[in-house]
Each structure stands twice: as C-alpha cells, then as structure tokens.
Amino acid sequence: MNIKIKFIIFNTALIVLITFGLGALFIVTVKGMLNKEMEKRGLDLGRALAEKSGFGFALRPESEILEAIQEIMQRDQILSARVSDARGKIIAHSDIREVGKMVPPQSASQLSYGKNKGSGSYIDVNLPIEGVEIRDDDFLIPDDPAGKKDQDETIVLGNAQVLMSLERVETFIRSLTATLAAIILGAALLVMAFVFHILKVFLSPLQALKKGVDMLGAGNLDHRVQISTKDEIADLARSFNQMAENLIHTTVSKGELQKSLDLLKRKEQDLRLFRGLIDRSNDGIFVVDPETSRMIDVNEKACANLGYTREELCRMKVTDISPNVSDELAWKAHAQEVKRKDYVVLEIIHKRKDGSTYPVEINVKFIRLEDKEFFLAVGRDLTDRRKMQAQVMQSEKMSAVGQLAAGVAHEINNPLGVIIGFAQGLVNRLKPGDSYEMPVKSIEREALRCKNLVQDLLTFSRTSVGDREPQDLTHILESAVTLVETRAKMGKVTIEKVLSKDIPKVLCNQNQIQQVIINLANNAFDAMPDGGKLKISAHLIEENPLSWVSLKITDSGAGISSEALPKIFEPFFTTKEVGKGTGLGLSLVYEIIKKHSGTVEVTSRPGETEFHIKLPARTGRELEEHVIQVRERRETSGWSPDRDLTKYGKGSLERKPEGHKGV
Amino acid sequence: MERRKNDSVPKRTILVVDDEPGFRDMLKWHLDGIGGVDVATARDGEEAMKHAVKGNIFLVITDLTMPRLNGLELLEKIKEKNPQTEVVILTGFGSVETAVHAMKKGAADFILKPFDLKAFTKMVGKILGKVQEK
C-alpha cells in the first residue's frame with residue numbers, strides 16, 4: 001500500500017472518529033438537557049395536579065380534579081394524566097375508560113422513563129397526593145389505618161400521574177443526529193479530497209525523485225528529475241540531478257566495468273596472439289631506430305638466428321651484427337638510402353653471437369608512425385637457399401657431366417679396347433725376362449686406368465637406371481667390406497663394423513649401394529696412406545615422422561680442408577695427385593644416394609672424417625607393395641631399358657650357367 | 001675339296017663384325033691365337049651377311065652400332081638364316097641393356113667394350129666347347 005493511500009485512510013479515519021465522538025457527546029448532552037427540561041415540566045405539572053387533587057380530596061369536589069386533568073391535558077406533549085386514591089383506584093383519568101381501574105399505590109415521588117408501542121418514549125411522573133390529618137375532622141379518610149396512628153402528620157391521599165411524550169425530543173435528536181452525521185461525512189469527504197490534493201502536490205515530486213533513484217539504480221545515469229516547485233523537494237531534486245551528473249563522471253556500473261575489462265582482456269589476447277605469431281615467423285624481424293641503428297625490438301626468430309636473447313639484442317645496434325654496416329658512417333649512408341627509396345632489399349652477412357656468419361636477405365622498410373621513424377627489417381636466412389642453389393647447380397652439373405660422359409665414353413671405348421686387347425695379349429705372350437715386359441705392362445696398366453675412368457663416367461651417367469629391391473643393408477655392407485678387405489690389409493687399415501641388428505630392409509639397388517660403400521672405403525684408404533682405422537656403422541634412427549637407416553663411414557685420416565669440403569661431391573673434383581683419382585667417386589656416391597631419396601653429409605676434422613648416409617627405412621608393408629608393383633610391371637612388359645643389370649645377369653645365368661655377369 | 005684333303009676336320013669360322021678396323025684386327029689377332037678356327041672379318045652387317053650365306057660360320061661376334069645393317073638387325077637375319085649360328089654382341093659399358101635385349105632375341109652372350117681379355121677368352125672357350133659337344 002503506498003504512502004498516499006495509507007495517509008488518506010489514516011487521516012480520514014481519525015477525523016471521522018473524532019467528529020463522531022464529538023457528535024455523539026453533543027447529541028447525548030442535548031438529549032440529556034431536553035429530557036431534564038421535560039422532567040422539570042412533568043414534575044411541575046404533576047405537582048400542580050397533585051396539589052389540585054389534594055384540594056379535591058379534601059373538599060371532595062371531583063370536578064376540581066377533572067378540571068385539573070383537563071388543564072394538564074391541554075399542555076403540550078402530555079400523553080395522559082390520572083389521579084388515583086390511596087388504595088390505588090383510579091378516580092380520575094384523562095381517558096375516562098381508565099377510571100375505576102386499580103394501579104399500585106405509591107407513597108413516594110417517582111420519575112421513570114418508559115416506552116409504549118403506540119406513542120413511543122415517555123416520562124412517567126408519579127407524585128403522591130399529600131394531605132394533613134385533622135383529628136376532629138369527620139371526613140378523614142376512614143380506611144387509612146396510618147392516618148389513625150399519625151394523626152397530626154402528612155398523609156398520602158393518592159397519587160397523581162402524568163405521562164409526558166418524549167416523541168418531540170426524540171424526533172429532534174434524530175434529526176440532529178442525521179444532520180451531524182451528514183456534516184461529519186461531508187467533512188470527511190472534504191478532508192479526503194483535501195488530503196488527496198495535498199498529497200498529490202507533495203508526493204508527485206517525491207515520486208519523480210523515486211523514479212529517478214530507480215533509474216539511477218538500474219544504471220541509467222542520464223535520467224534527470226524535473227521538478228517545477230520551489231521548495232525543499234525541488235532542492236532535493238537539484239541535488240539529486242547533481243549527484244547523477246557526478247556519478248556519470250566518477251562511477252561506472254559493474255556491467256560496464258566488466259565490459260571494459262572484457263574488452264581489455266580481448267585486446268591483450270589479440271596482442272599476445274599477434275606477438276606470438278610474429279615471434280614464430282620464419283624470418284627474423286627487427287624494429288630499428290634509423291638515427292642510432294639501435295634495435296628497438298626483435299622477434300624470436302631473429303634471436304634464434306643470431307644466438308642472442310631479446311634483451312641482449314635490444315641493447316645492441318645493427319652495426320654490431322652486420323659487418324656490412326660496421327660503423328656509424330656506413331649506417332648513416334645506409335639509413336639515408338633506405339629513407340630515400342622507402343624500402344631496400346639487399347643480401348648481407350649477419351654475425352652470430354659465437355662469431356660465425358650467415359647470409360641474409362634483408363628487406364628494410366622505412367616507416368613513419370605516430371611522429372616516430374622506424375626501420376622495419378625482415379631478415380631471411382639464406383643458408384638453406386644457398387645450399388639449395390648449390391644442390392641444384394651440383395645436380396645440373398652432374399647431369400651435364402653424365403651426358404658428356406656417356407657420349408665421350410662410347411667413342412673412347414673402341415680405341416681403348418684395341419689398346420687393352422693388344423696389351424693384354426702381349427703381356428700373355430711375354431717370356432720371363434723380356435725387355436719389353438715393363439713398357440708393355442705399363443701400357444696395359446694405364447689403359448686399364450682409362451677403362452676404369454670410362455666405366456666411372458658411364459656408371460655416373462646412368463645412376464638413375466636400376467630396379468630397386470627391398471635389401472638387407474647389413475648384407476650389402478658385409479659383401480662390400482669383403483671386397484675392400486684386401487686393400488685394407490695392404491694399407492694397414494683396420495675395419496671396425498658396428499651394425500645394429502634392428503635395421504629394417506631398405507629399398508635400394510644392391511649394386512649401387514655396394515658401389516657407394518666401396519667408393520667411400522677407397523676414399524678413406526686414400527686418406528690414410530700410413531694406415532688407420534675405418535669404422536662402418538649402421539643404425540636405425542627415428543626423426544618423426546620418418547625413420548631412416550643411418551650409415552656412417554668414418555676414417556682416421558688427415559681430414560678434408562674446409563676449402564675442399566664444399567666441393568668434394570662435385571664431379572672431377574679431386575685432391576689426389578694427378579693420375580690417382582678420377583674425381584668421380586664421391587660425386588657418384590652423392591648421385592646414387594640422392595636417387596635413393598637419401599642424404600649424404602660429410603663432417604671432417606683432422607683425424608676424423610665421417611660420411612653420414614641416411615636412407616629412408618621402409619615398413620614391411622611398403623616393401624611388400626613395392627614387390628607386388630614390380631612383379632606386375634614385369635608381367636605386363638617383357639622388357640624395360642630401366643632394368644637392373646644384376647637381374648639380367650641372373651637371367652642369363654639361369655639360361656647359361658656361366659653367363660657373363662656384366663658389371 | 002682340297003681343304004678337306006688337307007684337314008680331316010673342316011675348320012670352323014668365327015666372323016668378327018665391327019666398323020672399327022683397330023678393334024676388328026685386335027679381335028682377329030686374339031682369335032687367331034686360339035688356333036683351330038678360321039677368323040673372318042666384316043666392317044658392317046651387310047658385309048657380314050655375305051660371309052654368312054657362304055655358311056660354315058659357327059660364331060658371329062658383332063658390334064651393335066654400325067653403318068648399314070646394325071648388330072641387332074644382323075642378329076635377326078643370321079638367326080633367321082641359320083638358328084645354329086651363335087651370336088655374341090659387343091657392347092660398351094652403359095649400353096648393356098641393349099645387349100640384354102639382343103640376348104632375348106637369341107644372342108648367346110655379350111662382351112663389354114673396351115676390352116677384357118679374360119672375359120673374352122672365357123666366353124669364346126665356352127662357345128667352342130658347346131659347339132664341339134654337338
């Protein structure tokens with residue numbers, strides 16, 4: 001229930017109660033006064049009647065009594081009047097029919113109120129009629145024994161009764177009550193209306209304020225209370241508005257705070273994500289101050305490439321890591337060029353923390369942002385690209401050499417064949433001590449060397465040719481080692497084999513892999529002219545997601561110079577003295593391994609040179625599938641020029657037990 | 001007829017076919033050294049066929065690349081004419097596949113150029129032994 005209704009009910013009830021109380025009091029008082037007046041009148045009339053009746057009794061003129069009654073009856077508001085004797089017998093009555101009836105006699109004055117059905121309320125005034133006994137008087141009342149005893153005393157002769165109607169009083173009271181009630185109700189209504197109006201005037205600004213507070217509570221800080229009055233409530237409203245105004249500037253709601261926090265969190269997340277992405281870039285990124293060449297920021301890749309931490313790099317200058325712009329002057333010139341051209345792409349050298357260098361392609365962009373100047377440099381490590389380029393070059397060179405070799409070798413074959421043929425024939429026919437023995441044998445030997453060179457060239461030109469079979473690498477290694485053992489013994493080289501047992505089969509051309517091992521072993525023997533140790537080891541290595549069969553051939557020779565190291569796989573490159581090497585052995589190794597989807601790497605230092613070959617290990621399933629494929633291919637085509645030599649060798653063996661084995 | 005009188009067993013003939021005169025001569029020199037066989041030479045397939053029609057040739061040693069009728073064609077013609085005649089192919093290292101192809105067409109064996117006396121002697125001895133068994 002709102003305050004207005006409460007107030008109205010309370011006020012109205014109070015006023016009604018008070019006025020009703022006062023009205024009732026007033027009516028009771030008035031009624032009492034009027035009744036008193038009536039009583040007084042009744043008593044007066046009764047006394048008059050009694051007096052007159054007393055005379056009547058004394059003188060017996062009944063007419064006097066009647067007269068008195070009639071006189072009384074003429075008065076207002078008189079219902080009846082009667083006179084009874086001492087025994088109670090009505091001797092005179094305003095209603096003649098009552099005469100002679102008996103009523104209880106009374107000796108004392110009595111005033112009572114009563115009510116008739118017909119005539120309404122009345123006042124019953126009953127007074128004794130008194131007389132003085134006169135002893136010698138004959139006409140004393142004989143029947144009164146009391147009269148005999150108390151001879152000189154007042155005696156009761158009878159009773160006079162007057163009934164006065166109260167109708168008029170009651171009518172008056174009723175109308176008074178009605179009037180009063182009407183007045184009270186009217187007043188109450190007026191009061192209600194008044195209170196209602198007053199409340200409306202007072203409460204509407206309060207309600208406006210309440211609404212304002214509600215709105216404020218709900219977070220609507222823009223709401224203002226409009227009050228046109230010029231009282232304290234208006235002051236309050238002004239204060240309220242001021243407060244709301246202040247709240248806007250000083251306070252935010254929890255929801256808005258949360259919103260801001262979320263936004264902040266998202267922004268921070270974005271920033272972190274961005275930073276993470278930048279850090280994981282494949283290129284080093286540098287933010288550089290163009291004035292000082294100081295590095296303002298770098299990404300993780302830049303740190304990883306250079307071997308410094310970010311903190312270290314951020315304290316350094318570009319001139320510290322780039323020998324190309326090693327001093328301030330060089331930097332100034334460089335910075336000017338970048339600013340002039342907006343961006344510059346150049347290939348330079350970067351120096352790592354450990355002093356080593358690597359080639360970098362730097363893309364420097366001049367950026368002006370928020371009144372500051374930056375160089376944003378993206379540095380791509382060119383090591384791999386250079387390696388790739390070298391590989392491509394190598395590969396192109398190889399194929400050129402191969403084509404050349406194939407062409408030339410065939411032309412050489414015939415004259416060489418003639419020389420060898422005759423030389424060998426002559427050697428066979430030499431007699432012991434023949435003076436031509438040395439020259440003829442020399443011809444044969446040198447011709448055979450030429451033959452080996454030609455064979456190497458041709459092997460080289462046809463490394464792509466050859467069927468591959470799932471092969472047991474350990475077996476290939478063992479048989480290759482057998483082939484080189486004689487030379488090892490002669491050269492005082494011990495061979496150590498470390499062959500792991502878990503090596504899976506490798507899809508390869510047995511002859512070619514054997515050739516690789518023989519070439520590497522021969523190379524190692526050449527590197528150890530005074531003897532040494534040759535270690536051959538094979539293991540399975542896992543480099544997720546691939547597994548490889550790793551083959552290492554390590555010698556204890558003098559090592560390969562760093563100048564020669566990058567060139568050793570190039571065809572015709574040899575460090576051996578003239579006439580000793582063809583310069584094809586290692587390039588052949590490289591070609592064969594490459595054709596087997598493998599890799600070959602060499603590391604060398606004095607006393608240890610290691611050739612590390614990795615061939616993809618095949619699962620049993622892969623190998624099975626390969627065998628099935630090959631079988632199908634063989635069944636569909638009778639002959640293919642790509643076939644492996646060994647296979648045909650075997651084929652010819654089957655046909656002819658002593659068939660020529662080819663290579 | 002006169003020959004028969006002189007030799008109880010008629011000499012068998014080995015035909016060497018190569019367009020390289022040096023190689024031809026060298027092979028002939030070796031084969032002559034074996035003894036017991038005649039060695040004829042031809043510079044190409046056509047010339048070789050002229051010898052072949054005369055008969056009595058039990059072994060043809062032929063190069064592959066020659067002007068006018070190469071080794072493979074010669075092989076086919078000879079095998080067509082006289083399947084008994086053995087044909088050995090001379091081939092350079094690196095073109096062994098072609099030689100193998102030739103063997104599928106009926107060649108008995110192949111000899112790798114430039115030259116290997118041991119392998120050559122062994123091959124000839126083998127074929128001679130086979131022929132004598134017959």
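The values are calculated or read from the model by the stated rules, or taken from the named source; none is laboratory data. Being a predicted model, the structure only gives us computed values, none of them experimental. Glycine also receives a Cβ, built like all others from the backbone with ideal geometry; neighbour counts cover every protein chain displayed.
You will find that of A:I518, A:I495, A:I503, A:I560, the residue that is more than 24 Å from A:A390 (Cα to Cα), assigned by TED's automatic domain parsing to the domain that holds A:Q471, of a type in the set (V, I, T) and assigned to a loop (DSSP other than H, G, I, E, B) is A:I503 and no other. Would you confirm whether or not the stretch A:462-474 contains a residue that is at the interface with another protein chain (Cβ under 9 Å from one of its Cβ atoms) and surrounded by 14 or more Cβ atoms within 10 Å (Cβ to Cβ)? Yes, there is a match, as at least one residue in the stretch A:462-474 is at the interface with another protein chain (Cβ under 9 Å from one of its Cβ atoms) and surrounded by 14 or more Cβ atoms within 10 Å (Cβ to Cβ). Please determine, by comparing only the residues of the stretch A:589-601 that are crowded, with 19+ Cβ neighbours inside 10 Å and not acidic (D, E), which one is nearest to the chain's Cα centre (by Cα). The qualifying residue nearest to the chain's Cα centre (by Cα) is A:G598.
Scanning the stretch A:374-421 for residues that are among the polar types (S, T, N, Q) and within 14 Å of chain B (Cβ to nearest Cβ), we see that the one that is surrounded by the most Cβ atoms within 10 Å (Cβ to Cβ) is A:N413.
For the stretch A:1-57, the set of residues classified as aliphatic (A, V, I, L, M), closer than 30 Å to A:I69 by Cβ and free of Cβ contacts under 8 Å to residues at least 60 places away in the same chain consists of A:M33, A:A48, listed by residue number. Considering A:V440, A:V484, A:V516, the condition of being within 30 Å of A:N413 (Cβ to Cβ) and within 14 Å of chain B (Cβ to nearest Cβ) is satisfied by A:V440 alone. Residues considered: B:V100, B:V9. Of these, the only one that is surrounded by fewer than 17 Cβ atoms within 10 Å (Cβ to Cβ), at pLDDT below 85 and among the aliphatic types (A, V, I, L, M) is B:V9. Going by the structure shown, is A:P432 loosely packed, with under 14 Cβ neighbours inside 10 Å and either in contact with a strand residue (DSSP E or B) (Cβ under 7 Å, 6 or more places away or on another chain) or without any contact (Cβ under 8 Å) to a residue 40 or more places away in the chain (or both)? Against the criterion (loosely packed, with under 14 Cβ neighbours inside 10 Å and either in contact with a strand residue (DSSP E or B) (Cβ under 7 Å, 6 or more places away or on another chain) or without any contact (Cβ under 8 Å) to a residue 40 or more places away in the chain (or both)), A:P432 qualifies.
Scan the stretch A:37-46 and give yes if some residue there is at pLDDT 80 or above, under 23 Å from A:G118 (Cβ atoms) and loosely packed, with under 14 Cβ neighbours inside 10 Å, otherwise no. Checked the stretch A:37-46: no residue is at pLDDT 80 or above, under 23 Å from A:G118 (Cβ atoms) and loosely packed, with under 14 Cβ neighbours inside 10 Å.
Just to be sure, is A:C508 closer than 20 Å to A:L588 by Cβ, within 60 Å of the chain's Cα centre (by Cα) and surrounded by 13 or more Cβ atoms within 10 Å (Cβ to Cβ)? So A:C508 passes the test.
For the stretch A:10-23, does any single residue satisfy the condition of being crowded, with 18+ Cβ neighbours inside 10 Å, of a type outside the set (S, T, Y) and under 60 Å from the mean Cα position of the chain (by Cα)? So far as the stretch A:10-23 goes, yes, one or more of its residues are crowded, with 18+ Cβ neighbours inside 10 Å, of a type outside the set (S, T, Y) and under 60 Å from the mean Cα position of the chain (by Cα). Say whether the condition of being touching a Leu at 6+ places or on another chain (Cβ under 9 Å), surrounded by 12 or more Cβ atoms within 10 Å (Cβ to Cβ) and at negative phi is met by at least one residue in the stretch A:255-277. Scanning the stretch A:255-277, I find no residue that is touching a Leu at 6+ places or on another chain (Cβ under 9 Å), surrounded by 12 or more Cβ atoms within 10 Å (Cβ to Cβ) and at negative phi, so the answer is no. Only residues that are at pLDDT 70 or above, in a loop (DSSP other than H, G, I, E, B) and charged (D, E, K, R): list them for the stretch A:91-148, please. Listed by number, the residues that qualify are A:D95, A:K101, A:K117. Residues considered: A:N246, A:N305. Of these, the only one that is of a type outside the set (D, E, K, R) and either within 33 Å of the chain's Cα centre (by Cα) or more than 30 Å from A:I367 (Cβ to Cβ) (or both) is A:N246. A search for C-beta distances below 9 Å between a residue of the stretch B:112-129 that is facing chain A (nearest Cβ under 8 Å) and any residue that is basic (K, R) and outside any helix (DSSP H, G or I), counting only pairs 6+ apart in sequence or on different chains, returns B:K126/A:K656.
Every listed requirement among (1) out of contact with any Gly (no Cβ under 8 Å at 6 or more places or on another chain); (2) more than 10 Å from chain A (Cβ to nearest Cβ); (3) crowded, with 19+ Cβ neighbours inside 10 Å; (4) among the β-branched types (V, I, T) is met by B:V53 save one, (3). When residues in the stretch A:349-373 are screened for being in contact with a helix residue (DSSP H, G or I) (Cβ under 9 Å, 6 or more places away or on another chain) and surrounded by fewer than 18 Cβ atoms within 10 Å (Cβ to Cβ), 10 of them pass.
Okay, residues lined up against (1) more than 22 Å from A:N544 (Cβ to Cβ); (2) modelled with pLDDT under 80:
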| position | (1), (2) |
| --- | --- |
| A:Y590 | yes, no |
| A:V600 | no, no |
| A:T603 | yes, no |
| A:P606 | yes, no |
| A:A617 | no, no |
| A:H626 | yes, yes |
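Condition check: in contact with a Leu (Cβ under 8 Å, 6 or more places away or on another chain) and either among the acidic types (D, E) or more than 10 Å from chain A (Cβ to nearest Cβ) (or both). Does B:E73 satisfy that? Spelling it out, it is not the case that B:E73 is in contact with a Leu (Cβ under 8 Å, 6 or more places away or on another chain) and either among the acidic types (D, E) or more than 10 Å from chain A (Cβ to nearest Cβ) (or both).
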